[in-house]
Every structure is written in C-alpha cells, then in structure tokens.
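Since the structure comes first, as structure tokens, the remarks are kept for the end.
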Amino acid sequence: MSATVTPLAEAPRPQAAASVALAWFDGGLVPADGLQAGLTTHAMHYGSGVFEGIRAYALDDGGAAVFRLPEHLERMRRGAEMFGLPFDPAQATAAVLATLRANGHRDAYIRPLAWFGEGSFGLDVEGHVPHLMVATTATQVHLNGSRARLGVSNWRRNPSDSLPPLKLCGGYVNSILAKREAKARGFDEALFTDRDGLVVECTGANVFMVRDGRLTAVAHGDSLDGITRDTLLRLTGAEARPVPLAELLEADEVFACGTAAEVAPVAQIEDRQYGDNPVTRELQALYARVVRGREAAWRHWLTEV
Ligand SMILES: Cc1ncc(COP(=O)(O)O)c(C=O)c1O
C-alpha cells in the first residue's frame with residue numbers, strides 16, 4: 001500500500017482574505033496577507049520571539065484609545081531584552097497607533113510581535129534578522145465573554161527559574177498543552193497549580209477570588225505580572241497573596257482577568273460550581289468604564305489613537 005501524495009504544485013492554497021488589512025512590518029504599513037516568513041525563521045523553530053496582547057476601545061467622543069500601552073510595551077521590551085532582540089518602545093508606540101489608524105479600528109485587539117527571523121538553522125540567535133510587526137483586528141473576546149469552566153491542569157506552569165513569566169513565544173507551548181488537555185476533558189480553560197497545590201494562573205489570564213466579601217488576587221512567582229490584574233489591584237486596593245487551590249474551591253466567586261478576557265467570571269472548577277457573582281459583575285462594569293475613559297481619575301491609562 002502506498003500513501004497518496006499531493007504534488008506540491010497542486011496542493012490547495014488558502015483563499016485570500018476578502019479585505020486586505022494593513023500590518024506594520026519593519027518600518028512601514030504593508031498589506032497583511034502579503035507577509036511571509038522564511039523557512040529558517042528562528043522564532044518558528046525555537047520560539048525566539050516576544051509579543052503583547054493589547055486592546056483599544058472606542059470612546060464616547062467618537063475617538064478611540066489604547067489601554068495602558070506604555071505598560072504593555074515596557075513588558076515587551078523586557079522580554080526582547082532577554083533574547084537580545086532590538087526593541088524601541090517609542091517606535092512600537094508609533095507603529096501601534098499607525099496600524100490602528102490605517103485599519104480604522106476603534107474597538108480592537110492589537111498584537112505586536114518581535115522575533116528573530118532568517119539565518120541559519122542553528123540555535124544561536126546571532127546572525128538572525130530581527131523583525132517587528134504590529135497587527136490589529138476587530139476585538140476578539142477571550143473565553144467568549146461567558147462564564148468559564150476551568151479544569152485543573154496536570155501540566156505545571158513553566159517555573160520562573162526555567163523560563164521567566166514574560167510573553168516569550170516559546171513559553172506559550174506550556175499554555176497550549178494545558179489548554180488542549182482542558183478542552184479534551186470538556187472544560188473551556190485550564191487552571192495551573194504548582195507542586196504545593198498553590199494556584200498559579202490560567203493559560204492566558206490571572207485569577208482572583210472573592211470570599212466573605214473580600215477580594216484577593218492570586219500571587220505566584222510563576223505567573224505573568226498581568227496588567228489587568230494590576231489595574232484591578234489599583235482600582236480596588238485588594239490584597240494579593242498566595243492562594244491554595246483548596247481555598248479557591250471554597251471561595252464565593254472566582255474570576256479570571258486579562259487584556260483579552262477582561263474580567264471573566266468562572267462558573268466551575270472541576271466539579272465545584274460557583275453561583276451568582278455580584279462582586280465580579282461590579283468589577284466588570286467598573287473595568288468597562290475605566291477602559292472606555294468614563295472614569296476621569298484613570299484617564300491617564302489611555303493613549304488616544
Ligand atoms: C499567561 C498569561 N497570564 C496572564 C495574562 C494577563 O495579562 P494582561 O492582563 O497583562 O493581559 C496573560 C495575557 O496575556 C497571559 O498570557
């Protein structure tokens with residue numbers, strides 16, 4: 001028996017997108033669907049890239065603003081530095097704003113990515129061409145804005161003394177494995193715990209709980225220092241401390257938070273179901289007001305487009 005092999009020349013090609021969005025790539029705006037990566041792209045083989053997930057929101061005055069752009073780009077700069085990737089936050093700021101304007105996006109998800117491209121097949125990043133791109137899409141809602149059901153992952157989060165909790169591309173293999181496992185078990189999302197039973201985070205979001213009216217942010221050295229988590233801590237003055245899984249299961253409310261997820265109520269962890277979530281709903285509403293510039297005290301977090 002022999003396998004049927006489709007000659008490369010006859011292999012189906014993906015259809016071109018109906019409308020060509022613009023992306024910023026290495027210094028200017030180009031049609032996004034014209035971009036290609038070379039076969040020796042270092043980041044594709046070894047994960048040597050760093051990215052951000054950022055959001056822009058439409059404002060009531062008809063404009064739009066990016067939420068906490070300098071903080072996102074500073075985290076990206078720290079990630080780039082680990083790889084020795086050149087990264088200039090001022091240039092990235094200009095690129096983000098130019099891409100949003102060019103695409104006419106107001107409510108948008110923004111994805112900057114810096115990476116090592118073409119060179120040899122070797123592991124050493126020296127001699128590989130560094131690239132920077134910024135793509136924007138109309139807002140995507142992580143966890144579908146619904147109440148999430150979490151499965152406790154059998155995978156451990158990358159320990160921070162092996163891989164720093166920054167948005168390094170290769171680090172997300174760990175999230176992919178956990179997400180796949182959670183979905184195969186019928187859950188929406190995975191919850192990482194460490195060997196001591198302490199909660200770490202979800203695959204792309206941090207975790208909070210409410211117990212007896214008290215709001216607590218999960219603190220763990222292996223979790224990403226989330227900007228949404230920081231936002232909620234500043235808005236509420238909540239405590240941040242290590243939280244055992246057993247305590248999370250006893251909480252009245254649990255939610256995940258992140259730039260894409262915003263404030264996402266958790267309906268279930270394994271077979272523990274959570275009921276009504278009034279505090280989470282209040283925080284969802286507060287967060288929505290802040291990111292849309294409706295809270296004067298926090299408008300300094302907005303960079304107008
Ligand atoms: C692993 C991980 N944890 C937490 C977060 C939340 O971080 P932020 O609020 O900065 O988006 C993210 C978001 O990208 C993430 O990837």
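Read-outs throughout are calculated quantities, based only on the coordinates presented, and are distinct from any laboratory measurement. Remember, predicted model here, so these are calculated numbers, not experimental data. Note that each Cβ is placed from the backbone with ideal geometry, even for glycine, and that neighbours are counted across all protein chains shown.
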Practice problem: Could you work out the local net charge near Gly204, counting Lys and Arg as +1, Asp and Glu as -1, over the other residues with Cβ closer than 9 Å to its Cβ? | Solution: -1
Self-check item: Gain upon complete extension [Arg147, Asp161; 0.36 nm per residue less C-alpha separation]
Solution: 1.8 nm
Quiz item: With point charges of +1 on the Cβ of Lys and Arg and -1 on the Cβ of Asp and Glu, referenced to the Cα centre of the chain, which listed residue (Ala21, Phe187, Gly151) lies farthest in the positive direction of the dipole?
Solution: Ala21
Quiz item: Given charges of +1 on the Cβ of Lys and Arg and -1 on the Cβ of Asp and Glu, with all other atoms neutral, how large is the dipole of the chain about its Cα centre, in debye to the nearest 20?
Solution: 440
Exercise. Just order 276-285, 260-269 by mean Cβ neighbour count inside 10 Å, highest at the front, would you?
Key: 260-269, 276-285
Quiz item: How long is the gain from Glu247 to Ala102 if the chain were fully straight, where each residue apart is worth 0.36 nm and the alpha carbon distance is subtracted?
Solution: 47.4 nm
Practice problem: Scan around Ala240 for amide H atoms under 5 Å from its own, H built in the peptide plane at 1.01 Å from N, and keep only partners 5 or more places away or cross-chain. | Solution: Ala217
Quiz item: Relative to the present Cα-Cα distance, how much length would full extension add between Arg180 and Leu123 at 0.36 nm per residue of separation?
Solution: 17.8 nm
